[in-house]
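A short worksheet on the structure shown next.
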Amino acid sequence: MNPEIMYGQTLQYQFFKRYIFQATYQRVNNQIYELTFATDDNIQVTTPVNAGRFEYVMLALNTNTSYLKEYANLDITVSYLWQRMNDIEYENTHTKGYHNGVFQIDLNNNFTLSKQHKISFDMNVSYNTKDVSFYTETPMKLYLYGQLKKRFKACQLSLYGFCNLYMYDGKMTTHWRNKYETDNIQRISLIKGEPIGVGLRFNYYFGNKKVNGTNERKTSGSEAKRRL
């Protein structure tokens with residue numbers, strides 16, 4: 001096999017002090033891909049191959065703003081990913097390439113319910129459209145997360161809950177699956193786990209109080225910013 005050769009460029013621009021725009025382009029020559037094909041004996045074989053040229057472009061916009069007289073903070077990231085892959089020829093097996101786009105939005109809200117009693121609420125929403133690459137289909141996903149927090153001096157008690165929703169064939173479900181289908185192979189992978197859950201979390205903060213307070217205010221938006 002030949003080694004992968006990667007090169008790309010990222011441009012990031014900040015304007016009005018609270019908007020961050022990022023554009024990324026990457027190209028991979030001789031990309032290594034795990035190809036699954038059927039032999040003459042109807043045996044499924046998975047092997048790494050040089051899949052050829054792969055390239056993608058990602059555009060993303062992130063902003064953070066306060067509202068409700070600064071009792072609420074919203075961090076939002078909107079991104080679009082376009083990707084393209086060439087056809088693969090291996091052992092008389094032809095795998096058609098693809099090109100598609102995936103849209104994603106992440107909303108992270110933090111609400112201060114009571115400054116006097118140090119009670120706050122976090123709400124996170126993440127959505128991405130279906131992703132299809134080669135013969136593999138990853139479904140549309142909606143992720144919901146909520147967390148009620150109560151601060152006691154250096155301690156914090158949180159009650160949280162989450163839910164993962166997926167859409168297949170126009171129907172919503174809480175069970176994730178990954179579908180791989182060709183003219184002579186169909187393989188569906190399922191992930192076991194808890195798509196819906198609730199729990200309690202206890203935190204104790206060490207060190208400088210000013211630093212801890214700053215980190216806590218940035219928590220709700222940190223995940224969206226890391227995706228830029």
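The values are calculated or read from the model by the stated rules, or taken from the named source; none is laboratory data. All of these numbers come straight from a predicted model, not from anything done at the bench. We place every Cβ from the backbone using ideal geometry, glycine too, and count neighbours over all the protein chains shown.
Residue under question is residue 93, and the condition is that it be farther than 28 Å from residue 165 by Cα, modelled with pLDDT of 95 or more and surrounded by 15 or more Cβ atoms within 10 Å (Cβ to Cβ); does it hold? No; evaluated as a whole, the condition is false for this residue. Considering (1) under 29 Å from residue 127 (Cα atoms); (2) touching a Leu at 6+ places or on another chain (Cβ under 9 Å); (3) not charged (D, E, K, R), the lone condition that residue 35 does not fulfil carries the number (2). Restricting attention to the range 49-64, does a residue exist that is loosely packed, with under 13 Cβ neighbours inside 10 Å and over 15 Å from residue 82 (Cα atoms)? There is no residue in the range 49-64 that is loosely packed, with under 13 Cβ neighbours inside 10 Å and over 15 Å from residue 82 (Cα atoms). Taking the range 189-211 as the range and being at pLDDT below 70, of a type outside the set (Gly, Ala, Ser) and either touching a strand residue (DSSP E or B) at 6+ places or on another chain (Cβ under 8 Å) or assigned to a loop (DSSP other than H, G, I, E, B) (or both) as the test, the residues that pass are 190, 191, 192, 194, 208. Take the residues in the range 127-153 that are buried (at least 16 other Cβ atoms within 10 Å of the Cβ), among the hydroxyl-bearing types (Ser, Thr, Tyr) and under 26 Å from residue 88 (Cβ atoms), then tell me which one is modelled with the lowest pLDDT. Going through the qualifying residues, I end up with 135. Flag not set for residue 115, criterion: of a type outside the set (Gly, Ala, Ser), farther than 28 Å from residue 86 by Cα, out of contact with any strand residue (DSSP E or B) (no Cβ under 6 Å at 6 or more places or on another chain) and at pLDDT below 85.
Pairs meeting the criteria (first residue in the range 65-78 and touching a residue at least 60 places away in the same chain (Cβ under 8 Å) and surrounded by 11 or more Cβ atoms within 10 Å (Cβ to Cβ), second residue assigned to a loop (DSSP other than H, G, I, E, B) and among the hydrophobic types (A, V, I, L, M, F, W, C), beta carbons under 7 Å, at least 6 apart or on different chains) are 77/228.
Within the range 144-152, not a single residue is over 30 Å from residue 171 (Cα atoms), part of a strand (DSSP E or B) and without any contact (Cβ under 8 Å) to a residue 12 or more places away in the chain.
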